[in-house]
Structure formats: C-alpha cells, structure tokens
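Below is one structure, written out as structure tokens; the observations come after it.
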Amino acid sequence: MSDLKETFEKAVADSKLLPSKPDNETLLRLYSLYKQATEGDINTDTPPGMFDFVAKAKYDSWLKLKGVTADDAMEQYVQLVTILSAKNS
C-alpha cells in the first residue's frame with residue numbers, strides 16, 4: 001500500500017474523530033473528495049430528484065470534481081482534515 005493511501009485512510013479515520021462537526025459546505029467537500037478518491041468520476045448521469053436536497057447537493061459537489069485524479073483527491077482530503085484537526089485542537 002502506498003504512503004498516500006495509508007495517509008488518506010488515517011485522515012478518513014481522523015475525520016470521524018473531530019471534536020466539532022464541520023459546517024455543511026465542508027462536509028460536502030469531504031464527501032465529494034472521498035468519493036472521487038475511492039470511486040473516481042461520478043458514475044451516474046441521473047441526478048437525484050429536485051426535492052431530495054441532500055442527495056442533489058452531494059451529487060453536485062462530486063460532479064464538480066470530475067477529472068480530478070484519485071491521488072489529487074486523496075491529497076486534498078488529507079489537507080482538509082489536517083486543517084480541521086488543527087482548528088479544533
């Protein structure tokens with residue numbers, strides 16, 4: 001396993017231990033970076049129904065990362081969790 005993958009997996013675990021819950025925009029960013037890092041470009045052309053606001057927000061957030069490599073997404077995720085951890089310590 002690569003160092004980046006190990007660092008990413010640690011950041012994923014650390015993100016669940018943050019002392020305070022991040023705001024919704026940050027949570028969407030974490031979600032979309034995680035999905036891009038683990039699954040790649042969004043794999044559905046059908047957006048959720050217009051009244052499913054949470055699913056639509058997640059879809060749109062992930063769609064914005066189309067073309068970002070898994071490694072880049074992992075690095076951005078790790079950086080964001082590091083910043084959130086530092087803010088809360």
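Where a number appears in this text, it was derived from the coordinates with a stated rule and is not lab data. Note that this is a predicted model, so its numbers are computed, not measured. FYI the Cβ positions are ideal-geometry reconstructions off the backbone, even for glycines, and counts take in every protein chain you see.
Would you pick out the residues in segment 12-32 that are surrounded by 14 or more Cβ atoms within 10 Å (Cβ to Cβ) and among the charged types (D, E, K, R)?
D14, R29
Here is a list of conditions, (1) among the hydroxyl-bearing types (S, T, Y); (2) surrounded by fewer than 15 Cβ atoms within 10 Å (Cβ to Cβ); (3) without any contact (Cβ under 8 Å) to a residue 40 or more places away in the chain; (4) in a helix (DSSP H, G or I), and T82 meets all of them except one; can you say which number that is?
Among (1) among the hydroxyl-bearing types (S, T, Y); (2) surrounded by fewer than 15 Cβ atoms within 10 Å (Cβ to Cβ); (3) without any contact (Cβ under 8 Å) to a residue 40 or more places away in the chain; (4) in a helix (DSSP H, G or I), T82 violates only (3).
Select from segment 33-73 the residues that are among the hydroxyl-bearing types (S, T, Y), crowded, with 17+ Cβ neighbours inside 10 Å and within 17 Å of K5 (Cα to Cα) and list them in ascending order.
Across segment 33-73, the qualifying residue is only Y34.
Got at least one residue in segment 19-33 being within 20 Å of K66 (Cα to Cα) and small (G, A, S)?
Here is the first cut: in segment 19-33, the residues within 20 Å of K66 (Cα to Cα) are 25-33.
Next, only the ones that are small (G, A, S) stay: 32.
Yes, there is a match, as at least one residue in segment 19-33 is within 20 Å of K66 (Cα to Cα) and small (G, A, S).
Looking at K58, K35, K66 in this structure, which one is outside any helix (DSSP H, G or I), in contact (Cβ under 8 Å) with a residue 24 or more places away in the chain and among the basic types (K, R)? Break it down into steps so the answer makes sense when it comes.
Values: K58 fails: outside any helix (DSSP H, G or I); K35 fails: outside any helix (DSSP H, G or I).
Criteria check complete, one pass: K66.
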